[in-house]
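Visitor: The structure's right below; bear with me while I get my questions together.
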Amino acid sequence: MRQSKLFTKTKKEAPMDEVSKNAEFLIRAGFIHKEMAGVYSYLPLGLRVIKKIENIIREEMDAIGGIEMKTSILQNKEVWEKSNRWDDEAVEVWFKTKLKNGGEIGLSWTNEESHVNILKQYINSYKDLPIYPYDFKDMFRNEIRSKSGIMRGREFYWKALYSFSKDEQEHNLFYEKSKVAYQNIFKRVGIGHLTYLTFASGGSFSKYSHEFQTITAAGEDTIYLDENSGVAVNKEVYDDETIALLDLKKETLVEKKAIEVGNIFSLGTKYSAPFDLKYKDENGENKLVIMGSYGIGLGRLMGTVVEVLSDDKGIIWPETIAPFQVHLLSLGDDEEVLKEAENVYERLSKNNIEVLFDDRTSLSAGEKFAESDLIGIPYRAIISSRSVKEKGIELKKRTEEKGKIVSVDELLALLVSKPDRGLTSI
Ligand code: ATP
Ligand code: MG
């Protein structure tokens with residue numbers, strides 16, 4: 001993409017009321033637009049990142065048997081009354097509205113009811129189980145506080161998978177697989193080294209749920225981390241019994257601020273019971289389906305990456321979710337430079353390399369570098385009088401101070417060799 005055609009421009013300042021680093025950088029660099037507190041639009045650069053995160057999650061969910069669908073955002077009051085989650089007293093985050101011809105509807109804030117209500121039509125026999133439907137969806141929550149940028153929105157994009165199993169044993173097998181899939185996701189988006197499986201509060205069917213908590217000062221949660229095993233305990237369930245599960249002494253736990261980027265939850269029959277979601281087993285006996293839920297906030301994940309992987313100049317995207325692989329910059333308005341930059345752009349594009357080409361002639365080198373640092377594309381390729389004289393391109397990683405001259409072939413070889421480029425849907 002030519003930067004001259006990208007309608008978003010970088011800004012020197014973020015909105016005054018924006019206190020979080022992720023929102024500040026993402027707004028200034030033109031990834032998102034703030035509509036109001038807790039509500040953000042994704043601009044072209046931001047959408048590319050979200051789509052790559054989505055692809056990674058989709059691949060990992062499909063690998064453990066997930067089946068994607070898309071449920072509606074407008075929700076039926078009668079369905080939610082079955083599980084006693086329609087009343088504002090029971091659920092304080094509902095956004096609700098009235099139909100013109102009478103009756104109330106709600107905007108999705110979670111998805112158990114929606115999935116169970118659909119699946120009830122299709123689950124009859126033990127032969128129909130287990131199944132693992134999931135969807136990516138915009139969620140709406142009337143959150144009181146929303147000061148963490150895209151990490152806590154009133155409108156946010158998530159993935160939720162629900163598991164429908166015959167019994168606890170079948171459920172547990174999938175639950176363990178989901179932990180590995182989640183760890184793969186966090187590794188692939190570049191925050192695996194800071195993300196820990198964390199014991200958190202459960203429900204009536206299991207004492208604990210599990211959260212995936214990423215260490216960051218911007219986090220809203222406090223966790224106690226055992227650095228040896230890489231397992232943590234959320235403060236909300238921090239007691240002697242829970243600590244004993246980590247197999248260590250108390251003294252070795254370190255208190256950290258962290259953000260919950262995902263969670264997995266054993267639901268037992270909490271939702272299958274009110275919906276009478278049963279299957280006939282091998283002996284013809286009716287049994288309640290055992291469920292689990294597995295959520296990840298995509299916006300929160302993107303915001304977390306910015307929080308933990310930026311420096312004072314801007315964002316540092318991991319290669320797997322960067323909006324583009326390489327930022328090609330032409331410096332000055334020398335004709336030979338511009339011609340060479342056009343050639344390089346064409347060759348990279350022909351080889352399916354995602355290039356953001358700063359083809360503008362009105363900006364100084366310093367301005368271009370500052371913008372490039374803020375946007376944070378992993379590789380920067382500069383075409384200047386100097387590089388033309390040296391018959392190459394000056395290549396520099398976002399994390400490096402100095403570049404080196406390489407040939408176009410060398411640049412191509414480097415970029416094509418990347419296995420995890422998240423390219424499929426863009
Ligand atoms: P939290 O404890 O942070 O309020 P939650 O436990 O209510 O989140 P879930 O309802 O289980 O979260 O949602 C699943 C995932 O969706 C969370 O792990 C998180 O990544 C994301 N998420 C939840 N609430 C928000 C929000 N307001 N904005 C952005 N992402 C969110
Ligand atoms: Mg939570």
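Here is a yes/no grid of residues against (1) touching a Leu at 6+ places or on another chain (Cβ under 6 Å); (2) within 13 Å of ligand 1 (Cβ to nearest atom); (3) polar (S, T, N, Q):
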| site | (1), (2), (3) |
| --- | --- |
| Gly102 | no, no, no |
| Gly106 | no, no, no |
| Phe136 | no, yes, no |
| Phe140 | yes, yes, no |
| Lys147 | no, yes, no |
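Visitor: Name the single residue, out of those in region 203-244 being closer than 25 Å to Ala23 by Cβ and hydrophobic (A, V, I, L, M, F, W, C), that is surrounded by the fewest Cβ atoms within 10 Å (Cβ to Cβ).
Guide: Per the criteria, the residue is Ala217.
Visitor: May I pose another question? Considering each of Lys350, Lys368 in turn, give the residue that is of a type in the set (D, E, K, R) and touching an Asp or Glu at 6+ places or on another chain (Cβ under 6 Å). Even if it seems obvious, please write down each step before you answer.
Guide: Details: Lys350 fails: touching an Asp or Glu at 6+ places or on another chain (Cβ under 6 Å).
Matching residue, one of Lys350, Lys368: Lys368.
Visitor: Find the strands (runs of 3 or more DSSP E) located wholly in region 8-123 whose residues include 2 or more that are of a type in the set (Lys, Arg) and either away from ligand 2 (no atom under 16 Å from the Cβ) or over 30 Å from Ser310 (Cβ atoms) (or both), and list them.
Guide: Correct list: 95-98.
Visitor: Okay, next question. For region 358-385, which residues satisfy the criterion of being over 23 Å from Ile321 (Cα atoms) and buried (at least 23 other Cβ atoms within 10 Å of the Cβ)?
Guide: If the condition is that a residue be over 23 Å from Ile321 (Cα atoms) and buried (at least 23 other Cβ atoms within 10 Å of the Cβ), then Ile383 is the only one that fits.
Visitor: To continue, here is another question. For region 237-252, state whether one or more residues are within 16 Å of ligand 1 (Cβ to nearest atom), assigned by TED's automatic domain parsing to the domain that holds Ile296, in contact (Cβ under 8 Å) with a residue 24 or more places away in the chain and farther than 19 Å from Gly295 by Cα.
Guide: Yes, region 237-252 contains a residue that is within 16 Å of ligand 1 (Cβ to nearest atom), assigned by TED's automatic domain parsing to the domain that holds Ile296, in contact (Cβ under 8 Å) with a residue 24 or more places away in the chain and farther than 19 Å from Gly295 by Cα.
Visitor: Among the candidates Tyr279, Tyr208, single out the residue that is away from ligand 1 (no atom under 16 Å from the Cβ), in the same structural domain as Lys52 (by TED's automatic domain parsing) and touching a residue at least 24 places away in the same chain (Cβ under 8 Å). Lay out the reasoning, then the answer.
Guide: Working: Tyr208 fails: away from ligand 1 (no atom under 16 Å from the Cβ).
Only one candidate qualifies: Tyr279.
Visitor: Let me ask you something else. Pick from Asn351, Asn283, Asn343: which is away from ligand 2 (no atom under 16 Å from the Cβ), modelled with pLDDT under 95, farther than 30 Å from Ile27 by Cβ and surrounded by fewer than 18 Cβ atoms within 10 Å (Cβ to Cβ)? Spell out how you get there, then give the answer.
Guide: On the way: Asn283 fails: modelled with pLDDT under 95; Asn343 fails: modelled with pLDDT under 95.
Criteria check complete, one pass: Asn351.
The values are calculated or read from the model by the stated rules, or taken from the named source; none is laboratory data. Everything numeric in this text was worked out from a predicted model, so none of it was measured. Glycine gets a Cβ as well: all are built from the backbone with ideal geometry, and neighbour counts include every protein chain shown.
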